[in-house]
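**Student:** Take a look at the following structure, please.
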Amino acid sequence: MFFVNVFALSYFQVTMGSPAGEVERSNDETQHQVKVSDFYMSKYELTVGEFRKFVEAKRYSADLRSLSGAENHPVAYVSWNDAVAYCEWLSSNSGKKYRLPTEAEWEYACRAETTTPFNTGSNLTTDQANYDGNYPYGGNAKGVFRQTTVPVDSFAANALGLYNMHGNVWEWCSDWYKGTYYAECKARGAVSNPDNQEPGSGRVLRGGSWLGNAEDCRSADRNWDAPVNRDLNVGFRLVFVP
């Protein structure tokens, strides 16, 4: 497991959300400024092999389908609760602190200081990410539909050295989802380390997946699911707290 130090300073002021003119944006993506402290994020989505070690050591009651993929593919069929349990187990075993990223950390890490819909620019092809190429972005050319995940080190890393921030599997974040949260943050000014913990109906998911379209892979796209749910295209990656 390899981690990238996303910031070199104590905190950065960054832009979250999408501009009003971005194609296929949603109304929960109000563009606003936030301040995010220094953090380390895993270069890769958590793999089947890494999750297997946890399940076997802890005798954890996981969905057996989460262990059925190739060892170097991202784990799927994991709930938000499963992801948090993994973080707690790894933290306890290592004596170090691991957790899920906040939505703000995730979006900054995905963007890698870009302001375009994707960290690859104004378009995302299936040579750059794993999604359903039958549904490209903004009328661009169709690509391939692989119909499954790919190894976590597939495609080129973004400018921060992070792999598959677009596509492959949706990734859990620590926040509860709230559709008006970005607008509320904008009204408050540059919020420091936002992490919505006001209970809601679901936890945040980011990044899109192999099963979805290019629109879902946009850096600003927001999704959610109930924290108990396990789906074939949902996984996670870790943040390390030094």
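**Student:** It is to be established whether one or more residues within segment 67-87 are farther than 23 Å from Val152 by Cα and in contact (Cβ under 8 Å) with a residue 24 or more places away in the chain.
**Tutor:** Restricting attention to segment 67-87, the residues satisfying the condition of being farther than 23 Å from Val152 by Cα are none.
Checked segment 67-87: no residue is farther than 23 Å from Val152 by Cα and in contact (Cβ under 8 Å) with a residue 24 or more places away in the chain.
**Student:** Could you list, in sequence order, all residues of segment 90-111 that are under 13 Å from the mean Cα position of the chain (by Cα) and either over 30 Å from Lys186 (Cα atoms) or assigned to a loop (DSSP other than H, G, I, E, B) (or both)?
**Tutor:** Leu100, Pro101, Thr102
**Student:** Let me spell it out: the conditions are (1) under 27 Å from Lys97 (Cα atoms); (2) out of contact with any Cys (no Cβ under 8 Å at 6 or more places or on another chain), and Asp216 meets all of them except one. Which number is the exception?
**Tutor:** (1)
**Student:** Have a look at Gly161, Gly167 and point out the one that is within 12 Å of the chain's Cα centre (by Cα) and closer than 24 Å to Val4 by Cβ. Walk me through it before giving the result.
**Tutor:** Numbers: Gly161 fails: within 12 Å of the chain's Cα centre (by Cα).
Answer to the selection: Gly167.
**Student:** Sticking with this structure for a sec: Only one residue in Thr115, Thr148 is surrounded by fewer than 19 Cβ atoms within 10 Å (Cβ to Cβ), closer than 17 Å to Val23 by Cβ, in contact (Cβ under 8 Å) with a residue 24 or more places away in the chain and not basic (Lys, Arg), so which one is that?
**Tutor:** Numbers: Thr148 fails: closer than 17 Å to Val23 by Cβ.
Of the residues listed, the single one that is surrounded by fewer than 19 Cβ atoms within 10 Å (Cβ to Cβ), closer than 17 Å to Val23 by Cβ, in contact (Cβ under 8 Å) with a residue 24 or more places away in the chain and not basic (Lys, Arg) is Thr115.
**Student:** While we're looking at this one, here's another question. Quick test of your reading of the structure: Thr15 fulfils all but one of (1) assigned to a loop (DSSP other than H, G, I, E, B); (2) more than 19 Å from Glu171 (Cα to Cα); (3) at pLDDT below 95; (4) not small (Gly, Ala, Ser). Name the failing condition by number.
**Tutor:** Thr15 satisfies all of (1) assigned to a loop (DSSP other than H, G, I, E, B); (2) more than 19 Å from Glu171 (Cα to Cα); (3) at pLDDT below 95; (4) not small (Gly, Ala, Ser) except (1).
**Student:** As an exercise: evaluate Asn164 against (1) in a strand (DSSP E or B); (2) on the phi > 0 side of the Ramachandran plot and give the number of the one condition it does not meet.
**Tutor:** Result: Asn164 passes all but (1).
**Student:** Which one of Ser174, Ser219 is assigned to a loop (DSSP other than H, G, I, E, B), under 11 Å from the mean Cα position of the chain (by Cα) and under 14 Å from Glu107 (Cβ atoms)? Break it down into steps so the answer makes sense when it comes.
**Tutor:** On the way: Ser174 fails: assigned to a loop (DSSP other than H, G, I, E, B).
Ser219 is the lone residue from the list that is assigned to a loop (DSSP other than H, G, I, E, B), under 11 Å from the mean Cα position of the chain (by Cα) and under 14 Å from Glu107 (Cβ atoms).
Conditions tested, residue by residue: (1) surrounded by fewer than 19 Cβ atoms within 10 Å (Cβ to Cβ); (2) farther than 19 Å from Ser26 by Cα; (3) in contact (Cβ under 8 Å) with a residue 12 or more places away in the chain; (4) touching a strand residue (DSSP E or B) at 6+ places or on another chain (Cβ under 7 Å).
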residue: Tyr163; (1), (2), (3), (4): no, yes, yes, no
residue: Trp170; (1), (2), (3), (4): no, no, yes, yes
residue: Gly179; (1), (2), (3), (4): yes, no, yes, no
residue: Ser192; (1), (2), (3), (4): yes, yes, yes, yes
residue: Arg203; (1), (2), (3), (4): no, no, yes, yes
residue: Ala220; (1), (2), (3), (4): no, no, yes, no
residue: Gly235; (1), (2), (3), (4): no, yes, yes, yes
residue: Leu238; (1), (2), (3), (4): no, yes, yes, yes
residue: Val241; (1), (2), (3), (4): yes, yes, yes, yes
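**Student:** Return the only residue of Asn27, Asn72, Asn81 being among the polar types (S, T, N, Q), assigned to a loop (DSSP other than H, G, I, E, B) and closer than 21 Å to Val204 by Cα. I'd like the intermediate steps shown before the answer.
**Tutor:** Numbers: Asn72 fails: closer than 21 Å to Val204 by Cα; Asn81 fails: assigned to a loop (DSSP other than H, G, I, E, B).
Exactly one residue qualifies, and that residue is Asn27.
**Student:** Output the residues belonging to segment 80-112 that are modelled with pLDDT under 95 and hydroxyl-bearing (Ser, Thr, Tyr).
**Tutor:** Once the filter is applied, which keeps residues that are modelled with pLDDT under 95 and hydroxyl-bearing (Ser, Thr, Tyr), segment 80-112 yields Ser94, Tyr108.
**Student:** Exactly one of (1) modelled with pLDDT under 95; (2) in contact with a His (Cβ under 6 Å, 6 or more places away or on another chain) is unmet by Leu160. Its number?
**Tutor:** Answer for Leu160: the failing condition is (2).
**Student:** Further question on the same structure: Assess whether Ser154 counts as being assigned to a loop (DSSP other than H, G, I, E, B), modelled with pLDDT of 95 or more and surrounded by 14 or more Cβ atoms within 10 Å (Cβ to Cβ). Reasoning before the result, please.
**Tutor:** Numbers: assigned to a loop (DSSP other than H, G, I, E, B): yes; modelled with pLDDT of 95 or more: yes; surrounded by 14 or more Cβ atoms within 10 Å (Cβ to Cβ): yes.
It is true that Ser154 is assigned to a loop (DSSP other than H, G, I, E, B), modelled with pLDDT of 95 or more and surrounded by 14 or more Cβ atoms within 10 Å (Cβ to Cβ).
**Student:** Now for a separate question. Could we say that Cys87 is touching a Lys or Arg at 6+ places or on another chain (Cβ under 6 Å) and either among the hydrophobic types (A, V, I, L, M, F, W, C) or part of a helix (DSSP H, G or I) (or both) here? Spell out how you get there, then give the answer.
**Tutor:** On the way: touching a Lys or Arg at 6+ places or on another chain (Cβ under 6 Å): yes; either among the hydrophobic types (A, V, I, L, M, F, W, C) or part of a helix (DSSP H, G or I) (or both): yes.
Judged against the criteria, Cys87 is a match.
The values are calculated or read from the model by the stated rules, or taken from the named source; none is laboratory data. All values reported here derive from a predicted model rather than from experimental measurement. Neighbour counts run over all protein chains shown; Cβ positions are idealised from the backbone, glycine included.
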